[in-house]
1. Using θ = phi - 60° and the Karplus relation 6.51 cos²θ - 1.76 cosθ + 1.60, list the HN-Hα couplings for segment 92-104 in order, rounded to whole Hz, with x at every Gly or Pro.
2. Sorted by mean Cβ packing within 10 Å, highest first, what order do the peptides 205-211, 115-121 take?
3. In terms of Cα to Cα distance under 22 Å, which lysines are near enough to K112, apart from those fewer than 8 places away along the same chain?
4. All other residues with a Cβ under 13 Å from the Cβ of T118 taken together, and with Lys, Arg as +1 and Asp, Glu as -1, what is their net charge?
5. Search the structure for amide H atoms under 5 Å from the amide H of T362, placed 1.01 Å from N in the peptide plane, and list their residues when 5 or more places away or on another chain.
6. Check which residues have an amide H placed less than 5 Å from T166's amide H, if you skip close sequence neighbours.
7. Only loop residues by DSSP count here, and only those with at most 16 other Cβ atoms within 10 Å; note down the trypsin sites (Lys or Arg not before Pro) in segment 189-239 that meet that.
8. Of N74, S56, A84, which is farthest along the charge dipole of segment 43-159 in the positive direction, counting Lys and Arg as +1 and Asp and Glu as -1 at C-beta?
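Just so it is clear, none of the values below were taken in a lab; they were calculated from the coordinates. All figures in this text were calculated on a predicted structure; none of them were measured in a lab. Using ideal geometry, Cβ is built from the backbone for each residue, glycine included, and neighbour counts are taken over all protein chains shown.
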Amino acid sequence: MNTQQWLVINALPGMGALRIAQLVARQPQWPEGWLAALPSRAAKELRVWLEHPALSPLQKVVDDTLAWQKNTPNRHVLHRDHPAWPALLNEVADPPVVLWAQGDLDALEGPKLAIVGTRRPTGEGSHNAQTFARDLVRRGWCVVSGMALGVDGVAQRAALKAGGSTIAVLGCGVDVIYPASHRDLHEQLSQVPGGLLLSEHPPGTVARPAFFPRRNRIVTGLALGTLVVEATEKSGSLVSARLTLEQNRELFVLPGSLHNVQASGCLALLRQGSASLACSVDDIIADLGHWAGAFIPEADAIQPGLGALEGNPTSAEPLPDTLLEALSATPTPIDLLVHATGVTVSDCQQRLLMLELDGWVTQQAGGWVRLPRP
C-alpha cells in the first residue's frame, strides 16, 4: 500500500490503532479485502473516497499531508510499507498506523534505547542522564525519548552534543513546539544530522494531556529497552516502564539514595524485581548487545565503555587534574577531598576554582561534584 492509502486508513472514523493492527494482521487485499473487513461506517467512507475522492473529507487529510511533506526536504510520512519504517514497532500490540517525521531518517537505523525520567531531576540525575546518553551514542546507539522537560531533554541534548542520534516522539504535531522552552532542542532535532522528530498526530495538532501516555508506547516500542534515570513513585515515567515490560523489552533503572524522593520510583522497580540495575552503559550492552548486532557492526558493539554511573571515565583521555579522580556526581565535602588527595586546603580550593571555570566541576549543597566532560 502507498502513503495515500495508509493516510486514508488512519483517518477512517471509528478506527483506532489497535483495531487497525488487528486488521493488518489478517493481511487484507487492497481495496476489496479492506472494504469487507472494515465496520460498515468506515467501509462506507473508504468506498466514497475510492470512487469519488473529491467528495470525501478523507482527501483533505491526504492533500494537507502531501503539501506539508513537499514544503521541506526533511519531512516524511512513515508507514509499514515505507523503507525506513522501524520494524520493532510492528511487535507492539497497537502500533501507530502513520508517523509524521521531521529530521534525519538515518536516526532510525541503529539500535535504540529509550531514556526517560522525572521532569525535575537532581544534579546527580541530570549528570547521569548526560553520561549515559553520551556513552550510548558513542557506541553507535540512538537515544529515544519524548523531548519533555527534565531527563528527556537533558539526555537528548547530550546525545546531539556528542554527535550521535536521538529521536523525540511528541504528543503533538511535529511542527508544534512543546514545551515552548525546548524551541532550540526542537530546531536541532529537525535540522542537525542524527536528530529526528516523530508523531502519530498530523502537523498542527496541539499537545493534549491524553496524548502523552499514548506517545510513550511509541517511545518504548522503538527501543530494545528503556532506562529510567530518576522517577518518583507516581511519575509518568513508570508508565513507560510498564509499557516496556508489556512489550517484552528490557527495563533498566539507575540506583539512587533512599533519601532522594526522585529515586523512589526506581527503587520500587528494583524491589519488585521488574527492572535490572544499571551502573554503566556496559551493563546495558551486556544484556542487549546480542540484539544490537542486528543493527551495528560487531566491532562497534563491543567497544569499551566510555563512562560509568559515578562519572569516572574508562577511556584513555587524560584528565586535566588528578582531583577529578576523587570527585563524582555525588557531592564531596572539601575536607574529605583534602583528606583523600593529601593536598592543602588552599591548593585544593585554587584547583577547584580553575576546574569550575573550565566547566569540569561545580559546587552544590554538600560539597563539590564533577560534571560531564566539557
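1. Running phi through 6.51 cos²θ - 1.76 cosθ + 1.60 with θ = phi - 60° gives 7, 4, 10, x, x, 7, 9, 10, 7, 10, 9, x, 9 Hz.
2. Going from most to least packed, we get 115-121, 205-211.
3. Filter leaves K161.
4. That works out to -1.
5. Here V369, L371 satisfy the definition.
6. Residues meeting the amide H criterion: V143, G195, L196.
7. Hits after loop and neighbour filter: K234.
8. N74
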